[in-house]
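Enquirer: Dropping a structure here in structure tokens format, bear with me for questions.
Only the coordinates and a few stated rules stand behind these numbers; no lab work does. This one's a predicted model, so the numbers in the text were calculated from it and none came from an experiment. Here Cβ is always computed from backbone atoms with ideal geometry, including for glycine, and neighbour counts include all displayed protein chains.
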Amino acid sequence: MSRASDRTAAVARRDRRRSEREQHVRRSGRSGFWRGPVPYVGAAAIIVAAIGWSVWSSRAPAPSASAAAADAVVPSVTTIPADVFDRVGTGGLANPLRATAFEMQRGASGKPLVIYVGAEYCPYCASEKWSVVAALARFGTFQGLALSTSSSTDAFPDTPTFTFRGASYRSEWIEVSMIETADRQGRIIAQMTPVQRAAYDRSDPDQSIPFLSIAERHVQIGSGYRPEVLAGRMWMQIADQMRDPSTPLARGVIGNANWITAAICGQTGGQPSNVCDSPGVRATQAK
Amino acid sequence: MSRPAGAQTEAPQRRGRAPAPSEGLGPERGRNLDRAALGLVGAGVLSALISAYLTVTHYAGGTLACVNAGFVDCDAVTTSSYSLVPFTEIPIALVGVLWSAASVAGGVLALRSDPAWLRPAHLAWAGAALAFALYLINAEIAVIGRICEWCTALHVLIAATFFLALSRMR
């Protein structure tokens, strides 16, 4: 009985509160606005407009690369000042490379062999290549490096990057074997060499790209940083921000490049010393 | 001189719809309010379950049960920096769990005592989540170029929560 009366009293209290609230609302004159369609229509309109704006901005035309742009971008990315690498250090990134138990792989010249396997359409390859180019440029020189974008229909569409198709690399310390297996549309454009295939099969059982092998002693599968830091930027804007250690972009691209540099230094016997003994590379060894 | 037939029938209808002084306080009004509050609890529970699943998968390093092909690609979305609270390594899904738990609590409170501050507070709570969801939707569509069905389900539940909270302001 007492439970029932308690419940009745609770219901009465709730109804009284509602009554008071309704009266308050009516007195305050808010009811007209809240009872009408305006709040619903307004909220729905904001939601539709926001999503429509997102769809509209996603349809921006893909940036187009020109030889003139490459002439400005490539020298900028391949001559990042040492103090930028030093100031970024790891960039807050955990080591994106995994050590293996394999013997050091050497190229035909006897130097440690660095292998890159990727594809032009692949957005994660697109981001990884900014770091790979910056890191490898500390050990040697590129020829024929051109600009490209990742696929327009994949994740992180039209991410500005480089293509290694038709590019070559020379170094006193390392040998580099790089391949783009498919173009922006995903069409096969090249087959891996037996050496590339063997390293790829051994260290990348999931067969994913990008794949980076540092003499098979360290491998990196996937991008070392998140590609969205490049979103909405053109090549030259990326190249400029890479030189500013305070930017998230530099921390991602250069931090990843320092990890790659350190892994290469581990195979070259610490040569060249001006690179391998630099604070930026040493910062990775402290981790 | 005679009045149009429509006008003759319209006026009584209008009068019939006009709220009586005590309307909104009776049993019919109470049941409507309860349905909205029940909806808030339901939407909150569902979003808590989805958020918890995303959080557990994040920390366990597992694979989400979802499509990873074409425009729907959970991996691309849930491994992007937008899946983390800015400048931290905390998954946004964990924030979703907390938000959902609070929303469920608000719904339960609405069913039990429904204090006056609850309705605007719940609306503000849902509005903030909706604004953040729109930011994430923009990241998915305009930056990542992919959407994740679990995230989309959460966004729909957040929108539903917002409209339910809005309906309780009437």
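Enquirer: Name the residues in the range B:64-79 that are surrounded by fewer than 19 Cβ atoms within 10 Å (Cβ to Cβ), of a type in the set (Val, Ile, Thr) and touching a residue at least 12 places away in the same chain (Cβ under 8 Å), would you?
Expert: Those that are surrounded by fewer than 19 Cβ atoms within 10 Å (Cβ to Cβ), of a type in the set (Val, Ile, Thr) and touching a residue at least 12 places away in the same chain (Cβ under 8 Å): B:Val67, B:Val72.
Enquirer: Quick check on the range B:113-166: of everything there that is among the polar types (S, T, N, Q) and within 8 Å of another protein chain (Cβ to nearest Cβ), which residue is surrounded by the fewest Cβ atoms within 10 Å (Cβ to Cβ)? Spell out how you get there, then give the answer.
Expert: Taking the range B:113-166 first, the residues among the polar types (S, T, N, Q) are B:113, B:138, B:152, B:161.
Imposing the further condition that a residue be within 8 Å of another protein chain (Cβ to nearest Cβ) reduces the set to B:113, B:138.
Working: B:Ser113: 12, B:Asn138: 19.
Per the stated criteria, the residue is B:Ser113.
Enquirer: So B:Tyr82 fits all but one of (1) more than 30 Å from A:Pro61 (Cα to Cα); (2) out of contact with any strand residue (DSSP E or B) (no Cβ under 9 Å at 6 or more places or on another chain); (3) in contact (Cβ under 8 Å) with a residue 12 or more places away in the chain; (4) of a type in the set (Ser, Thr, Tyr); what number is the exception?
Expert: (1)
Enquirer: In the range A:71-88, is there at least one residue being away from chain B (no Cβ under 12 Å) and farther than 23 Å from A:Gln237 by Cα? Break it down into steps so the answer makes sense when it comes.
Expert: Taking the range A:71-88 and keeping what is away from chain B (no Cβ under 12 Å), we get A:71-88.
Now narrow it down to the ones that are farther than 23 Å from A:Gln237 by Cα: none.
Looking through the range A:71-88, none of the residues is away from chain B (no Cβ under 12 Å) and farther than 23 Å from A:Gln237 by Cα.
Enquirer: What are the residues in the range B:129-170 that are of a type in the set (Phe, Trp, Tyr) and out of contact with any Leu (no Cβ under 7 Å at 6 or more places or on another chain), if any? It would help to see each step written out before you state the result.
Expert: Going residue by residue through the range B:129-170, those that are of a type in the set (Phe, Trp, Tyr) are B:132, B:135, B:150, B:162-163.
The answer is B:Phe132, B:Tyr135, B:Phe163.
Enquirer: Only residues that are of a type in the set (S, T, N, Q), in contact with a Phe, Trp or Tyr (Cβ under 8 Å, 6 or more places away or on another chain) and in a loop (DSSP other than H, G, I, E, B): list them for the range A:145-159, please. Talk me through it step by step, then tell me what you get.
Expert: Residues of the range A:145-159 of a type in the set (S, T, N, Q): A:148-153, A:159.
Add one more test, that the residue is in contact with a Phe, Trp or Tyr (Cβ under 8 Å, 6 or more places away or on another chain), and what stays is A:148, A:150-151.
A:Ser150, A:Ser151, listed by residue number.
Enquirer: Check off (1) closer than 30 Å to A:Pro61 by Cβ; (2) within 14 Å of chain B (Cβ to nearest Cβ); (3) exposed (fewer than 14 other Cβ atoms within 10 Å of the Cβ) for A:Asp206 and give me the number that stays unchecked.
Expert: (1)
Enquirer: Just give me the residues in the range A:209-232 being within 13 Å of another protein chain (Cβ to nearest Cβ) and among the basic types (Lys, Arg), in sequence order.
Expert: Result: A:Arg226, single match.
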